[in-house]
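Take a look at the structure below.
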Amino acid sequence: METIADRATRVDHDQVTVYEQLTARGVSRRDFLKFCGWMSACMGLGADGIAQVVHALETKTRIPVVWMHFQECTCCSESFIRSSHPIVADILLDKISLDYTETLLAASGHQAEQCLQDTIRKYKGEYLLCIEGSVPLAEDGVYCCIGGKSAKDIVAEVAAGAKAIIAWGNCACSGCVQAAKPNPTAATPVHKVISGKPIINVQGCPPIAEVMAGVLVHLLTFDRIPQLDAQGRPKAFYSRRVHDTCYRRPNYDAGLFVESFDDDNARKGYCLYKMGCKGPTTYNSCGTIRWNGGVSFPIQSGHGCIGCSESNFWDNGPFYERLGNFPGFGIETTADKIGLAVGAATVAGAAAHAVLTNIRKHHEIGEQPGESAADAPPTPAIDPHNQGGNQS
Amino acid sequence: MNTPAPSSRPHTFQRIYVWELPVRFYHWLNALCILVLTVTGFLIANPPAINTAGEASFSYWFGWTRFIHFATAYVFVFNFAFRIYWGFVGNQYADWKNFLPLRLAQFREVRSVLRVDILQSLNRPLAAVGHNALAYLTYFVMFLVFLFQVASGFAMYANMSDAWFPHLFTWMLPLFGGDAGLRHWHHLATWFFVIFTVIHVYLVFYHDYVEGHGVLSSMAGGWKFLPKDGPGKGDGRSWFSGKPGPKA
Ligand code: HEM
Ligand code: HEM
Ligand code: SF4
C-alpha cells in the first residue's frame, strides 16, 4: 500500500495537499491538528472553524507563491521564519508555497530570474504575490533595482498575473521609514502602485508571525480575501486597538500614569500614555497574540507602543510624547504651541482693538445729549405694586 | 472727526424680537457643550497627575473624563442638528441663507463691517437687526469646524462603539492617515473654539458698548433695541425677500 509519504514524493509537486506534504516531512497528525486549532484561534474562528481549516489543509493543494523584496530590511521575513511554531516557517514557507523569494532562494543570478519568469508564466492568474518593501518612484525608480530592472517595473510585471497580493509590513502597506518626510526616493506603498488587484495590507514593522501565517491560512482555507478594514488590513487581526487589549488599560482609566521611565509608577506598571504610548491610535494584535510565542510585547516590557502598524507612524512622532509635532510646522511645534501663540495674539489684538475703539469712536460711546440720568423721566414716587392691593 | 453731530433729542427705540427661544436655547447649550468638550478634551490630551498611587480598580477618573467628552459630544451634535433645522423654520434672522454672503448686499455689508468695526478706518453708525453679515459668515465657518470636529470625533469614537452613528464617519480615518493623524487635527481644531470664543465674547461686548442696542442681552431675552431715527431702524430688513419683517 502506498503511504502518504511515498505519494508526496511521487506525485507532481502541484497535486500534493498541504497535509500530505506535512506528514511527508514527519509532522504527526496530532501536531497538525494542534497547528490548525492554534491558527483558527489566531484568526478568531469558532469551533467549527477548526474543522474548516483541517479540511482545507487536508484537501487543498498548495498555492503558488511569489515573494518579492523591494525597499525594506527583511524584518517581515525574519518575523515569519522565526515564528515560534515550526510548521509556520518550515512548511508553509519553505517547502510548500514559495516559488520565488530573493532571500531564501537557493538559485541565484540568471537562474533565479528564470525561476521567477517560469512561475509567473506557468501559474498565470493563480499565484499569490507577497510583497515586502516599498517601491521608489523617484528618478524613474533607480533607487531599487534587481537584476537590472527597477522595482517599479518588476512589480508591474509580476502583479499583472497575480490572483491576489499580500503587502507585508509597513513598507509595503504605507512606506515605513523610507517614506517618512521628506521621502527622498518617493517610496510608495504597493496599493498606490498597483490597481485592479485585491491587496491585503498586513501591517506592522514587522507584522506578528502568527498574523502573517493566519492570513495565509485564511486564504488557503476560505479561498477568498479576508474581511478588510478601511486601510486594507484584515479585520481579524487589526480591528482592535492595542489600547483596547492592553493589560495596563485599568491604570489608564484610573488615571494612573507613568510620568518618567525611571519613576515608581513605571515600576508599578502604570499606563504609558504620557510617555507617548501610541496604543490608543494603533490597530494591531500585540495585546492578544503578543510576540515570540506569546512571551511579551513592547508595553509588557515597559515601553510604549510606537504605532508601527499605522501609516506614517514615523511622522506621527516623537515616540516619547503624547501629542506629536504638528505636520508642516517643523520640529518641536505641537498643536498646543500653535494654539497658544495664536490665542495670545488674539487676546493682545482684542485689547489693542478695545483701546483703538475708545479713541476712534469716543463720540458714539457713552452718554449722549439728552441721555444723562437727570434727563430720565421721573420715577413714580409710589410704586403701585408695593402698595399691597390698595390701588386696585 | 467725521461723525455726524449726535442728535440732541433722546432716541426713541423700537424693541424687536430677534432671537426666538429655540435659538437662545441652542446658543447656551452649545456654549456649554463646547466648554465641557474643550476642558475634557484638553484633559484627555494631557491628563494631570492627580492620581499617583493606588489600585486601578478603585478609581476611574480618566474613564469618566472620556465618558463626559463622548456623552457631551452627542448632546452637541443633536443641538447642532437642531440649529440647522431651525435655519429652515425659524424667523428671518435665524434663516440659513443669511450665513452665506451670496448676495451683493451681504457682501457689501461684510466690507463695511470690516471698515467700521474691525479696522475702524471709517466711522459711520452701522446696525444690523440679526447678526451683521460678517458675523453670519464667521458663524458659518464655525459651523464647518463643528462638522469637522463631529466627523473626526465620531470617526475616532467608532472603534469604541457598536452604535451605527459613529460608524458613519469612519471614512475620515484613511483621509487623515489613521487615528493618530486625525487626533492631531481634532486637537488643533479645539484651539479654533478657544480663539473664536475670545473674539466672539469681545465683539459682543464691543457692540453692546459702542452701539447700545442691547446685543449682549439679546441672547438672553431675545430682544434688540434699535433707534427709530437712526440706522437700522428696525425695518425688519433681511437679506432675502419673501418673508415679512417683524410687525412694527
Ligand atoms: C467642540 C467640540 C470638541 C472639542 C473642542 C473636542 C476636543 C478634544 C480634544 C482637545 C481632544 C484630545 C485630543 C488629543 O488627544 O490630543 C479630544 C479627543 C477626542 N474627542 Fe473630542 N472634541 C470635540 C468634539 C468631539 C465630538 C463631537 C466627538 C465625537 C464622539 C469627539 C470625540 C473625541 C474622541 C474619540 C477623542 C479621543 C479620546 C480618546 O481616545 O481617549 N470629540 N477632543
Ligand atoms: C459668555 C459667553 C458668550 C456670550 C456672552 C455670547 C453672546 C452671544 C450673543 C449676544 C450673540 C448674538 C450676537 C449677535 O446678535 O450678532 C451670540 C451669537 C452666537 N454665539 Fe455666542 N456667546 C458666548 C459664548 C459662545 C460660545 C462659547 C460659542 C461657541 C463656541 C458661541 C457661539 C455663538 C454662535 C454660533 C452664535 C450665532 C447664533 C445663531 O445665529 O445661531 N457663543 N453669542
Ligand atoms: S500603556 Fe498604552 S496601550 Fe496600554 S493602556 Fe496605556 S495608553 Fe493604552
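The values are calculated or read from the model by the stated rules, or taken from the named source; none is laboratory data. Everything numeric in this text was worked out from a predicted model, so none of it was measured. We work out accessible area using only protein heavy atoms, side chains counted, and drop any ligands, DNA or RNA first. Shrake-Rupley method; radii C 1.70, N 1.55, O 1.52, S 1.80 Å.
Given 20 °C and 1.002 mPa s, how large is the Stokes-Einstein diffusion coefficient of the protein assembly as shown in µm²/s, with Rh as the Kirkwood radius over Cα pairs?
72
Express as a percent, rounded to the nearest 5, the fraction of DSSP beta bridges in chain A (both residues included) that run antiparallel.
In chain A, DSSP labels about 35 percent of beta bridges as antiparallel.
Under a straight-distance cross-link criterion of Cα-Cα below 29 Å, which lysines are reachable from A:LYS192, leaving out those fewer than 8 residues away in the same chain?
Hits, sequence-local ones excluded: A:LYS122, A:LYS124, A:LYS149, A:LYS152, A:LYS163, A:LYS181, A:LYS235, A:LYS278.
Which lysines have a Cα lying under 24 Å from the Cα of B:LYS224, excluding residues fewer than 8 positions away in the same chain?
List returned: A:LYS361, B:LYS97, B:LYS233, B:LYS243, B:LYS247.
Below 8 Å, C-alpha to C-alpha, sequence gap of six or more: please give me the relative contact order for chain B in percent.
29
Which whole-number percentage describes the relative contact order of the stretch A:240-333, with Cα contacts under 8 Å and a sequence gap of 6 or more?
Reported as a whole number, the value is 28 percent.
Taking N as the number of residues in chain B, what is its Cα Rg relative to 2.2 N^0.38 Å?
The value comes to 1.22.
Angle between the Cα long axis of helix B:61-89 and the longest principal axis of chain B, 0 to 90 degrees, nearest 10?
The angle comes out at about 40 degrees.
Just which residues of the stretch B:174-193 lose 20 Å² or more accessible area with every protein chain there, against their chain alone, with the probe set to 1.4 Å?
Flagged in the stretch B:174-193: B:PRO174, B:GLY177, B:GLY178, B:ASP179, B:ALA180, B:ARG183, B:HIS184, B:TRP185, B:HIS187, B:LEU188, B:TRP191.
Could you rank B:TYR74, A:TYR19, B:TYR206 by how accessible they are, 1.4 Å probe, largest area first?
Greatest to least solvent exposure: B:TYR74, A:TYR19, B:TYR206.
Apply the a/c threshold of 1.5 to the C-alpha gyration tensor of the stretch A:240-333 and tell me whether it is rounded, prolate or oblate.
oblate
Heavy atoms only, probe 1.4 Å: what % of the accessible area of the protein assembly as shown goes to carbon and sulfur, would you let me know?
62
Rounded to the nearest 100 Å², what's the accessible area chains A and B bury against each other, both chains counted, probe 1.4 Å?
Summing both sides, the interface buries roughly 4600 Å².
Could you tell me whether the stretch A:97-137 comes out rounded, prolate or oblate from its Cα gyration tensor? Rule is a ≥ b ≥ c as square roots of the eigenvalues, rounded for a/c under 1.5, then prolate if a/b exceeds b/c, otherwise oblate.
oblate
Going by alpha carbons, how many degrees (0 to 90, nearest 10) lie between the helix axis of A:151-160 and the longest principal axis of chain A?
Compared with the principal axis, the helix lies near 70 degrees.
In deg cm²/dmol and to the nearest 500, what is the mean residue ellipticity at 222 nm of chain A if only DSSP H runs of at least 4 residues count, each as -39500 (n - 2.57), divided by the residue total?
Mean residue ellipticity, 222 nm, calculated: -10000 deg cm²/dmol.
Could you order A:ASP153, A:ASP263 by accessible surface area, starting with the largest, using a probe radius of 1.4 Å?
A:ASP153, A:ASP263
Could you state the number of Å between the C-alpha centres of the stretch B:141-178 and the stretch A:169-192?
Each part reduced to its Cα centre gives a spacing of 26 Å.
Residues of the stretch A:243-286 losing 50 Å² or more of accessible area relative to the isolated chain, 1.4 Å probe, heavy atoms only?
Listed by number, the residues meeting the 50 Å² cut-off are A:TYR252, A:ASP253, A:ALA254, A:LEU256, A:TYR273, A:LYS274, A:THR281, A:TYR283.
Could you tell me the center-to-center distance, by alpha carbons, between the stretch A:19-69 and the stretch B:28-43 in angstrom?
Going from one Cα centre to the other spans 53 Å.
Rounded, prolate or oblate for the stretch A:62-238? Axes are the square roots of the Cα gyration tensor eigenvalues, ordered a ≥ b ≥ c, and the cut-off for rounded is a/c under 1.5.
rounded
To the nearest 10 degrees, how steeply does helix A:29-43 sit against the main Cα axis of chain A, on a 0 to 90 scale?
For A:29-43 against chain A, the angle is about 20 degrees.
In terms of solvent-accessible area of protein heavy atoms at a 1.4 angstrom probe, what is the ranking of A:VAL347, A:VAL66, highest value first?
A:VAL347, A:VAL66
What does the accessible area per residue of chain A come to in Å², with a 1.4 Å probe and no ligands, DNA or RNA counted?
Computed with neighbouring chains in place, this is 46 Å² per residue.
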